[in-house]
Amino acid sequence: MKEINENELDALIGETLRREKILEEVNKQVMLTVQKQKRSKLFTKWAVFSFWIATLTILPIAGVYYIAESGLGTEVTLSFGFSILIFLITLFHQANKISAKFFLNNM
Amino acid sequence: MEDKDIVQRILRHGETQCYSLIVKRYSGIVFSKAICLMKREDLAQEITQQTFIRAYTNLDSWRGGSLGAWLVSIAAHLSLNELDKLRRERTDFMEESQWKEPEQEDNEEHETLIQILKKSIKELPPDDQKIIRLHYFEEKKTAEIAKLTGLTPSNVLVKLHRIRELLKKKIENERNK
């Protein structure tokens, strides 16, 4: 390595400080992009989660309604309705657990 | 905090803000690699940003070796791709033989000096850091620096001289190691 003179040292110090600013800007931009990516990932997860919860809720209720309408009798409707109720309670309980965990990890 | 712990916190607990520590820790060497290859500050900045974003997206594929080396390899890969693209664009206007390969060795030496200086500046007392920032980065005149720091102009000059001598000495010491 060759000896550095005064002018080179001045230029190097200036460049080092300028670079520090560039790297601060890089850090800022990277973190903005990372946060944006995280939000978009979170939104997609929530959209998928909500879709499945809605589907799993509406379909059995529609089934109970269909059975009630088809005139299979009150007993059949009630027993089917009861099992669907149990299913929905379990579903919401699990959904609540999952969403709580999800919030803790992502918020 | 060690790199491995930071990565675990990001992957397991979604603590994205920890990623800033990784960026701060390695942006210097990643930028150095990018500028060695790209030769342009704007392109090197772009490559550095892309490197960290790509690394974040593929963080789970990091095998646990040296994180710095992994990031530098991503930066090199992105830089070479970009250079290839630029080269292809260039050959539309000139012959392939006219393309000059970058002077790798000079650049690496320059980058080493910058890394040494960066480290040395960080080790300076805060007041001295402020003085050189005002002088070299904000390009303030001695009288203005004196006003901002509460020193006399002659004191500022003396301090600047001492800081430069100290930095020069540190460079020499690092070079001799």
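Bear in mind these aren't lab numbers, they're just calculated from the coordinates by the rules spelled out. Computed from a predicted structure; not experimentally measured. FYI the Cβ positions are ideal-geometry reconstructions off the backbone, even for glycines, and counts take in every protein chain you see.
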With springs only between Cα atoms under 10 Å, which of A:Leu59, A:Leu12, A:Leu85 fluctuates most in a Gaussian network model of chain A? A:Leu12
Mind putting a number on the dipole of chain B about its Cα centre? Charges go on the C-beta only, +1 for Lys and Arg and -1 for Asp and Glu, and I need it in Debye to the nearest 20. 840 debye
Whole-Hz Karplus couplings 3J(HN,Hα) for the range B:170-177, θ = phi - 60° and coefficients 6.51, -1.76, 1.60, Gly and Pro as x, run 5, 4, 4, 4, 5, 5, 7, 5
May I ask which residue of A:Gly63, A:Gln94, A:Thr77 lies farthest towards the positive end of the charge dipole of chain A, with charges of +1 (Lys, Arg) and -1 (Asp, Glu) on Cβ and the Cα centre as origin? A:Thr77
Take the alpha carbon gyration tensor of chain B, find the square roots of its eigenvalues, order them as a ≥ b ≥ c, and report rounded if a/c is under 1.5; if not, report prolate when a/b exceeds b/c, else oblate. oblate
Sorted by Cβ density within 10 Å, fewest first, the residues A:Met31, B:Met38: A:Met31, B:Met38
Let's see if you can work this out: charge +1 on each Lys and Arg Cβ, -1 on each Asp and Glu Cβ, no other charges. What is the dipole magnitude of the range B:103-146 about its Cα centre, in debye to the nearest 20? 480 debye
Taking neighbour counts of Cβ atoms within 10 Å as a proxy for exposure, in what order, fewest first, do B:Cys18, B:Cys36 appear? B:Cys18, B:Cys36
Of the options B:Val158, B:Tyr136, B:Asn173, report the single residue whose Cα projects farthest towards the positive end of the charge dipole of the range B:129-177 (beta-carbon charges: Lys, Arg +1; Asp, Glu -1). B:Asn173
Principal-axis tilt of helix A:6-70 within chain A, Cα atoms, nearest 10 degrees: 0 degrees
Hand me the GluC sites (Glu not before Pro) from the range A:1-97 located in a DSSP loop with no more than 15 other Cβ atoms within 10 Å, in residue order please. A:Glu3
Taking the 0 to 90 degree range and rounding to the nearest ten, how far is the long axis of helix B:41-57 tilted relative to the main principal axis of chain B, both from C-alpha atoms? 60 degrees
Chain A - mean residue ellipticity at 222 nm from DSSP helices (-39,500 (n - 2.57) per run, n ≥ 4, rounded to 500): -34500 deg cm²/dmol
Per-residue [θ]222 nm for chain B (sum of -39500 (n - 2.57) over DSSP H runs n ≥ 4, rounded to 500): -24500 deg cm²/dmol
Gyration tensor on Cα atoms of the protein assembly as shown, a ≥ b ≥ c root eigenvalues, a/c under 1.5 rounded, else prolate if a/b beats b/c, else oblate, says prolate
Hey, got a sec? Which GluC sites (Glu not before Pro) in the range B:1-87 land in a DSSP loop and have at most 16 other Cβ atoms within 10 Å? B:Glu2, B:Glu15
Pick from B:Ala76, B:Ala146, B:Ala34: which residue has the top mean-square fluctuation in a GNM of chain B where Cα pairs under 10 Å get a spring? B:Ala146
Could you check which residue among B:Lys33, B:Lys159, B:Lys141 shows the biggest mean-square fluctuation in a GNM of chain B with a 10 Å Cα cutoff? B:Lys141
Taking θ as phi - 60°, what are the ³J(HN,Hα) couplings along the range B:69-74 by the Karplus curve (6.51, -1.76, 1.60), each to the nearest whole Hz, with x for Gly and Pro? 5, 5, 5, 5, 5, 5
